[in-house]
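What follows is one structure encoded as structure tokens, with my remarks underneath.
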Amino acid sequence: MKINDNCVGCGQCASFCKKGAIEVRGRARATDACVECGMCIPYCPVKAIEVPA
Amino acid sequence: MKTIVIGAGLGGLLSAARLSKAGHEVEVFERLPITGGRFTNLNYKGFQLSSGAFHMLPHGPGGPLARLLEEAGAEVRIVRSEQTTIRVPLKQGKPDYAEGFKDISFIEFPSLLSHKDRLKIAFLIVSTRKNRPSGVTLEAWIKTQVKGEWLVKFADSFCGWALSLKSNEVPVEEIFEIIENMYRFGGTGIPEGGCKGIIDALEAVILENGGKIYTGQEVSKILVEKGKAAGVISESKKHEADLVISNLGHAATALLCSEALSGEVNAGYLKMLETIQPSAGIKICLAADEPLVGHSGVLLTPYTRRINGVNEVTQADPNLAPPGKHLTMCHQYVAPENVKNLDSEIDMGLADLKELFPGKKYEVLLIQSYHDSWPVNRAASGTDPGNETPIPGLYVVGDGAKGKGGIEVEGVALGVAATMKKILG
Ligand SMILES: Cc1cc2nc3c(=O)[nH]c(=O)nc-3n(C[C@H](O)[C@H](O)[C@H](O)COP(=O)(O)OP(=O)(O)OC[C@H]3O[C@@H](n4cnc5c(N)ncnc54)[C@H](O)[C@@H]3O)c2cc1C
Ligand code: SF4
Ligand code: SF4
């Protein structure tokens with residue numbers, strides 16, 4: 001999961017990831033637990049999560 | 001009368017509920033899959049964290065938001081906080097929590113001043129209600145009145161908690177308007193069910209009155225015909241309306257109708273928009289088995305590096321956490337120049353918590369930061385440009401268009417109430 005510079009670190013995505021695969025500290029980072037399901041993408045208020053290629 | 005609302009944040013939903021109750025045909029378009037914007041619950045590990053707010057209404061059940069909810073027919077129980085306290089160091093000469101502290105009540109703040117300054121404050125509390133100071137920042141004004149640094153520290157922690165600003169950024173007029181509102185409406189409160197309790201109640205009103213709320217529908221353009229707002233384009237489809245209310249703040253709204261605003265007559269408006277600054281902040285959410293604050297109000301923390309204040313929402317509504325757990329949330333102001341150093345800002349906040357809660361066991365659930373296009377406040381308090389735009393029939397509501405002296409969501413409510421007055425008369 002690619003998270004771009006728009007990310008403000010609000011943590012909204014982390015609460016919608018069912019795999020607990022997002023760590024947040026000033027900005028979000030996807031961990032190895034990410035299965036690239038794309039569920040978190042629409043919940044980001046600043047369009048920081050990019051659709052995997 | 002048909003009204004389209006862009007954005008289902010608190011400002012948008014308040015407007016939609018009020019207008020649908022007054023008989024308008026209302027449609028709300030929200031980009032995200034969820035409603036509520038920065039004022040709803042996020043379920044995280046069984047705790048009701050939030051997308052923004054601390055589940056706290058600055059003026060509780062007596063404030064402008066509570067009044068507007070009632071007017072719109074939205075039923076929410078708001079629990080008035082028992083008290084507001086201030087954590088002060090035990091040794092006055094050593095302003096350091098690590099050396100021990102005690103909590104005093106909010107109204108006891110003058111007790112930390114010198115005898116002379118205490119008398120001065122007692123005098124000012126009376127005299128300023130008639131003759132309000134103006135034209136300077138709060139910090140500058142305090143410095144002309146009293147010598148010690150305590151009052152500035154206290155003001156910084158209050159402004160940091162309530163506005164995510166420092167006292168040298170807040171016009172003194174705005175603070176006196178806020179103080180007046182504290183007399184008028186009373187102190188803080190927590191809605192049952194947290195922020196989402198309010199959002200759910202507003203949605204129920206809108207749906208009951210035949211209004212529609214579309215999620216996952218981004219508005220890409222505001223239509224302007226014959227110089228008037230005429231509808232929106234969302235997901236390539238045109239939707240016509242008599243009125244358009246934007247919940248996005250003035251700047252983002254202007255971007256959606258930039259052609260209509262391109263004329264020379266609007267240059268002043270566009271120039272003014274460039275001066276609006278959002279405020280930034282960090283929220284650290286803690287889970288604990290024992291209370292860390294111990295009451296349902298705010299604990300202000302003036303002598304930290306960064307943390308301005310803490311609240312414990314489970315004191316008002318235990319259902320905001322799993323059984324037996326407490327949810328405690330800490331706020332810290334972030335200065336504009338430090339937005340790029342969030343990592344070290346967070347480090348300082350976490351170090352503060354160690355000193356504020358020595359020997360207490362807690363888990364850091366989530367650290368959330370807010371700035372720029374998803375800020376604590378779209379327009380720093382005291383700088384809001386009102387609810388009208390140069391385009392007739394296009395209004396702006398929300399925290400980029402708050403009413404005077406309205407802290408956060410109370411300001412959102414004052415702005416919406418003023419807009420409703422313009423529309424409904
Ligand atoms: C950390 C933090 C703590 C806070 N604490 C408190 C507190 O304790 N008490 C308090 O009173 N206030 C608090 N606030 C402030 C409060 O949360 C905000 O003032 C309030 O939620 C703002 O609401 P709004 O309606 O103006 O905007 P928003 O909530 O931002 O709503 C705007 C909506 O519009 C949507 N949108 C954006 N663009 C489009 C588009 N093109 N098309 C369709 N939809 C769109 C967005 O997705 C969003 O849902 C806090 C804020 C933060 C961040
Ligand atoms: S893509 Fe799926 S698994 Fe990966 S972070 Fe997003 S929601 Fe979680
Ligand atoms: S929701 Fe978006 S802005 Fe918020 S932390 Fe996740 S990626 Fe960053």
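Odds and ends about this structure:
Quick grid of which residues meet (1) open to solvent by less than 70 Å² (accessible area, probe 1.4 Å); (2) within 18 Å of the chain's Cα centre (by Cα); (3) within 23 Å of B:GLY62 (Cα to Cα):
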position: B:LEU113; (1), (2), (3): yes, no, no
position: B:ALA122; (1), (2), (3): yes, no, no
position: B:THR128; (1), (2), (3): yes, no, no
position: B:THR137; (1), (2), (3): yes, no, no
position: B:ILE142; (1), (2), (3): yes, no, no
position: B:TRP150; (1), (2), (3): yes, no, no
position: B:CYS159; (1), (2), (3): yes, yes, yes
position: B:PRO171; (1), (2), (3): yes, yes, no
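- Just one of the listed residues (B:GLU192, B:GLU218) is of a type in the set (D, E, K, R), within 20 Å of B:ARG38 (Cβ to Cβ), surrounded by fewer than 19 Cβ atoms within 10 Å (Cβ to Cβ) and within 14 Å of ligand 1 (Cβ to nearest atom), namely B:GLU218.
- The stretch B:37-55: number of residues that are away from every other protein chain (no Cβ under 11 Å) and either modelled with pLDDT under 95 or open to solvent by less than 20 Å² (accessible area, probe 1.4 Å) (or both): 2
- Here B:ASP343 fits the description: among the charged types (D, E, K, R) and within 14 Å of chain A (Cβ to nearest Cβ).
- Taking the conditions (1) out of contact with any Asp or Glu (no Cβ under 8 Å at 6 or more places or on another chain); (2) assigned to a helix (DSSP H, G or I) in turn, B:ALA155 satisfies each one other than (1).
- Strands (runs of 3 or more DSSP E) fully within the stretch B:1-102 that include at least 1 residues being of a type in the set (S, T, N, Q) and touching a residue at least 12 places away in the same chain (Cβ under 8 Å): B:2-6, B:41-44, B:47-50, B:85-89.
- Candidates B:GLY398, B:GLY405, B:GLY415, filtered to the one that is assigned to a loop (DSSP other than H, G, I, E, B) and buried (at least 24 other Cβ atoms within 10 Å of the Cβ): B:GLY398
- Within the stretch B:229-241, at least one residue is in a strand (DSSP E or B), β-branched (Val, Ile, Thr) and buried (at least 17 other Cβ atoms within 10 Å of the Cβ).
- So B:GLU75, is it modelled with pLDDT of 95 or more, of a type in the set (Asp, Glu) and more than 23 Å from A:PRO42 (Cβ to Cβ): yes
- Identity of the residue in the stretch A:20-38, facing another protein chain (nearest Cβ under 10 Å) and part of a loop (DSSP other than H, G, I, E, B), that ends up least open to solvent (accessible area, probe 1.4 Å): A:GLY26
- Residue within the stretch A:9-16 that is under 13 Å from B:GLN368 (Cα atoms), assigned to a helix (DSSP H, G or I) and either of a type in the set (Asp, Glu) or near ligand 2 (Cβ under 9 Å from one of its atoms) (or both) present: yes
- Yes/no for B:ILE391 being part of a helix (DSSP H, G or I), open to solvent by less than 40 Å² (accessible area, probe 1.4 Å) and either within 16 Å of ligand 3 (Cβ to nearest atom) or over 25 Å from A:PHE16 (Cβ atoms) (or both): no
- Scan of the stretch B:364-388 for residues that are within 14 Å of chain A (Cβ to nearest Cβ), closer than 27 Å to B:ALA17 by Cα and either buried (at least 24 other Cβ atoms within 10 Å of the Cβ) or within 14 Å of the chain's Cα centre (by Cα) (or both), ordered by number: B:TRP374, B:PRO375, B:VAL376, B:ASN377, B:ARG378
The values are calculated or read from the model by the stated rules, or taken from the named source; none is laboratory data. All figures in this text were calculated on a predicted structure; none of them were measured in a lab. No Cβ is skipped: glycine too gets one built from the backbone with ideal geometry, and neighbour counts run over all protein chains shown. Keep in mind that these areas ignore ligands, DNA and RNA; they rest on the heavy atoms of the full protein, side chains included. Shrake-Rupley method; radii C 1.70, N 1.55, O 1.52, S 1.80 Å.
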